[in-house]
Amino acid sequence: MFRNALGKTLRFLGYTVQYGCIAHCAFEYLGGIVVCSGPSMEPTIQSSDIVFSENLSRHFYSIRKGDIVIVKSPTDPKSNICKRVIGLEGDKVCTSNPSDFLKTHSFVPKGHVWLEGDNLRNSTDSRCYGPVPYGLIRGRICFKIWPLNDFGFLRASPNGHRFLDD
Amino acid sequence: MFRNALGKTLRFLGYTVQYGCIAHCAFEYLGGIVVCSGPSMEPTIQSSDIVFSENLSRHFYSIRKGDIVIVKSPTDPKSNICKRVIGLEGDKVCTSNPSDFLKTHSFVPKGHVWLEGDNLRNSTDSRCYGPVPYGLIRGRICFKTELVLGASLLSCLSGEMLSCVSSVLEVCNSACWSGAVSEGSQ
């Protein structure tokens, strides 16, 4: 009877590990649901919105300027941040605040991206901690699920003037 | 007959996906074998050395100063680099080269680490591209294998341990076992 119970427990553990691994790989390589919090991406994404992020783009290196990405925070590896890609490697970005009189520019180094929140006045982003290595990108947000009145693909950046084309 | 073949193919694919996922998670969360190339970690790790990296430390945030880590390259996300952790967040590190007359220092920012290769003259590391975010660390190297005269030695590479006892595994047709003591790298 003891052997029976042990056998059942081991089989249960085996199935748990198996399906846990498959679920983990599905989230890692395909995508998953994400709940965002914080005001830095308003009005595109409000706090407590539920979005769907796909993780294929980052594995195929097809993240583009204007994409909203989930990134492992460079200042706190235990948390994730959600920002918009303003510049890819080699692009020229404006590093000064919109309210500054003198504009300063710099180029995004190789292997990095420049991130900014849509809510420029209330967002800690690359203007604060500098360009972020591409390797920290976790996924690309492609679809908003909740609230239902805002269901659908995400809007373009309200700050088009931040995208410098040279 | 067609349905039979289709069923078998789907079952085969199902098993492949299943065991592929389990293998991926094992490498991601436990560890794996890594082949290093390049001169930046000499003499500790030579080019083409085979090392074992464990990936639990980075998930439990227990990477320490002196550990050798595998890190996703900040300048090329498709490749990995292998360096030693010289400073953790908040530590003071020397940012100038040993040959410079004036020494400059800085503090490692929050959430970052300062990496340097053991071969200081031939290593592109944090002295070149600055502190590296902790989130890029993939794993910690804990064991190195060397093929020496048909036998293999396991030597400890932990920067904090000064000596450890390792055992020799037999390779190929060798029938003799022996023990060896090897020293740590720092």
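Annotations
- All C-alpha to C-alpha distances of chain A, sorted into 5 Å bins beginning at zero, yield P(r) values of 2, 8, 16, 19, 17, 12, 8, 5, 4, 3, 3, 2, 1, 1, 0, 0, 0 percent in whole numbers.
- Each part gets one Cα centre, and for segment B:55-125 versus segment A:109-166 those centres are 28 Å apart.
- A:VAL17/B:SER47 FRET efficiency (R0 41 Å; Cβ-Cβ; nearest 0.05): 0.65
- Top positive-direction residue, dipole computed over the protein assembly as shown with Cβ charges, set B:GLY111, B:LEU10, A:HIS105: B:LEU10
- Given +1 at the Cβ of Lys and Arg, -1 at the Cβ of Asp and Glu and no other charges, the dipole of segment B:83-135 around its Cα centre is 40 debye to the nearest 20.
- Segment A:33-163 - charge dipole about Cα centre, Lys and Arg +1 at Cβ, Asp and Glu -1, debye rounded to 20: 260
- For segment A:30-89, the alpha-carbon radius of gyration amounts to 1.12 times the rule-of-thumb value 2.2 N^0.38 Å expected for a compact globular protein.
- Whether the protein assembly as shown is rounded, prolate or oblate, judged on the alpha carbon gyration tensor where a/c under 1.5 counts as rounded: oblate
- A:SER96-A:VAL35 FRET efficiency (beta carbon distance; Förster radius 22 Å; 0.05 resolution): 0.10
- Phi angles of segment A:116-129 translate, via the Karplus equation with coefficients 6.51, -1.76, 1.60 and θ = phi - 60°, into HN-Hα couplings of 9, x, 5, 8, 4, 7, 9, 9, 8, 9, 4, 5, 9, 10 Hz per residue; Gly and Pro are given as x.
- Listed residue (B:VAL93, B:TYR134, A:SER123) projecting farthest to the positive dipole end of the protein assembly as shown, Cβ model: A:SER123
- Cβ charges +1 (Lys, Arg) and -1 (Asp, Glu), total dipole of the protein assembly as shown, debye: 900
- This ranking places A:ARG3, A:ARG138 by how few other beta-carbon atoms lie within 10 Å of each, fewest first, which gives A:ARG3, A:ARG138.
- Cysteines in chain A lacking any other cysteine Cβ under 4.7 Å from their own Cβ: A:CYS36, A:CYS82, A:CYS94, A:CYS128, A:CYS142.
Read-outs throughout are calculated quantities, based only on the coordinates presented, and are distinct from any laboratory measurement. Given the structure is predicted, the values throughout are model-derived calculations rather than measurements. Counting neighbours? That spans all protein chains shown, and the Cβs are built from the backbone with ideal geometry, glycine included.
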